[in-house]
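For reference, the structure is listed below as structure tokens.
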Amino acid sequence: MTAIRLAFRLGRWGLVGFAALGFFAATLQAVGFFQVAGHTAAERAAFGRSMTQLGTQFSILLPPPVRPDTVGGYVQFRAFGSLAFLVAIWALVSASGAARGDEERGVVEVMLASGLPRLRMLASRIAAFACACLLVALATSLGMEIGAVSGGEPVPLVAALQASVVLAALGLSCYALTLLVAQFTTARNAVAVAGSLLLALFLVNSLSRTFDWLLTWRWLSPFRYYELSRPLAPGGNFDVGATFVLIAASTIFAALAALAFERRDLGSPLLSLPARTRPVTYDASASPVWRIPIIRGLYEQRIGITVWAAGVAALAAVFVVLTKTLVQPLLAIPVLRLYFDTFVHGDVYSSFLGFLWFNVAQLLMAGFAIAQVARWSSDDTDGRLELNLSNPIARTNIVLERAIVLTVGALIIVAVSGVAVGLEALSQSINLDSTHLIEALMLLVPFTLVFAAVGAVIAARIPRAAVGLLGGFAFASYLITELGPLFKWPAWALDLSAFKLYGEPLTNGIDETGLAIMSLIVVVGFAASIVLMQRRDVGG
């Protein structure tokens, strides 16, 4: 029991943060349903038809809704659909931290030195996360029930519990898979490699709803088995077989991860490429790269930035193709063409591309910022920051160098993805305003820096909780744009969201007010991080 309690203690920030996020997200979505769906049967039916049509056309990210004219079906689509991806991210961060991060900090070595067997230690981490994931899922269902009861239409308790079990099973499968992948990577690359794999599995499932050739590989994705259960919608189903597949896959991945952990050395991957034998030396590297500020940071992350740039560019090209695929059949319907003309100003393809791709691009760049903040927090806890300060390098310079390295990395990513968008749009005969395209791409940089600045403040104060709190901030920021207009929040409240401040530059150009607010957040955030870094002991 001591090992499980320690595992719970190490993951307490993630448990509290994601439980709160799931609770409030589900509550607000359930309450919001009664704001927009109407009260009469005719109003509900009309709302359900519109949601079904909209969800079917934009099924590249979420599965089409089932009975969205009911609070259960609506929350299943709006809350539990997006929370699946959020839980997967939490599982990714938690498992990579448990498998490799704790090794960097010396936690694993201390636990093994106390006589705790490796298998028992890993089992305790898996058991603790399984319990935590179930608690988060139950908190989400509780929030949904409270929102549904407030509208006088409670969701059956059995259905709520079934939805919790499926969500927890998905999180556990992603956690176990990340544990397994982390055994074959270095500590610095575990998040990137496992995250790329989970993203690929998510896209294989979601894009297979548009590209038939992906249906062959859909069975590999855990998100596919999660979507097979829709217990909240009236007449929906709880797929016992699909849920069992998720749990069985979790068991297999965990067993393989335990076997690999038993066979590898601490701090090293299970398999490594053969390297040339070199004499042991304790002298500093003679390469001038490590002596040039900013260049050394970019050189250290050269592989990661390259992977990010290539991955985002590939997704950008796919979404340009998706835009053409989705818009063409819609424009073939005369009524819809007249409908688009009433609210789309400018080219329809540009408007849809701005909605589809740049919304996803914002999420990806926020993820890039969170990954960078995770590196900063890791530097603090594994001794790298202490080593840099002993060189000596001023704490102010460390914060500034981090900010500049992240800025240059973001510029590289958006530049490469911009080239991909431009070339693919040209091949698809989509006419994009080059000025607006450049503005939309460049605006992603300050957008990314907003999350980095907030993360820098958290990492300077409480580094161990930085990733969880920043992830919560990003999700809350996204929820503001989703729910703010629904509840008619004031403009100043909407401006608290970086997604709202970004605006729609591909069609409307740069929102100067939004850019000014983002710039102010970036400056104040990194300045506050410098102040906090001066006042806190390293590792404290």
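Bear in mind that the values in this text are calculations on the coordinates, not laboratory data. Just so it is clear, the structure is predicted and the values come from calculations on it, not from any experiment. Counting neighbours? That spans all protein chains shown, and the Cβs are built from the backbone with ideal geometry, glycine included.
With Rg and the Kirkwood Rh both taken from Cα atoms, where does Rg over Rh land for the stretch 4-157?
Working: Rg = 19.9 Å, Rh = 17.4 Å.
Using only Cα positions, Rg/Rh for the stretch 4-157 is 1.14.
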_I need Phe24, Phe129 ordered by Cβ neighbour count within 10 Å, fewest first._
Phe24, Phe129
_Please rank Trp308, Trp489, Trp357, fewest neighbouring Cβ atoms within 10 Å first, as an exposure proxy._
Trp489, Trp357, Trp308
*Length added when fully stretched, Glu512-Ile404, from 0.36 nm per residue minus Cα-Cα*: 36.6 nm
*Report the FRET efficiency, 1/(1 + (r/R0)^6), for Glu262 and Leu389, where r is their Cβ-Cβ distance and R0 is 35 Å, rounded to 0.05.*
0.45
_Along the charge dipole of the stretch 1-270, pointing to its positive end and built from +1/-1 on Cβ of Lys, Arg, Asp and Glu, which listed residue (Leu92, Val158, Ala26) has its Cα farthest out?_
Leu92
*Working from the alpha-carbon coordinates of the stretch 1-270, get Rg over Rh, Rh being the Kirkwood radius.*
1.02
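What size of dipole, in debye to the nearest 20, comes out for the chain about its Cα centre when the only charges are +1 on Lys and Arg C-beta atoms and -1 on Asp and Glu C-beta atoms? Mind showing how you got there, number by number?
Values: 36 positive and 31 negative charges, 245 e Å.
In total the dipole reaches around 1180 debye.
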*asked:* I'd like the per residue volume of the convex hull spanned by the Cα atoms of the stretch 121-265, given in cubic angstrom.
replied: 131 Å³
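Give the relative contact order (percent, whole number) for the chain; include only Cα pairs under 8 Å separated by 6+ residues. Can you show the working numbers first?
Values: 717 pairs, mean separation 84.2, N = 540.
Relative contact order, the chain: 16 percent.
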*Set Lys and Arg Cβ to +1 and Asp and Glu Cβ to -1, take the dipole of the stretch 301-540 about its Cα centre, and tell me which of Pro485, Thr448, Thr396 lies farthest positive.*
Thr396
*Given (1) 26.7; (2) 91.5; (3) 23.3, which label gives mean projected area of the Cα convex hull in nm² as computed from the coordinates?*
(1)
_Additional length obtainable on full extension of the chain from Val36 to Glu482, 0.36 nm per residue less Cα span_ = 159.3 nm
_Residues Met365, Met533 arranged by fewest to most Cβ contacts within 10 Å_ = Met533, Met365
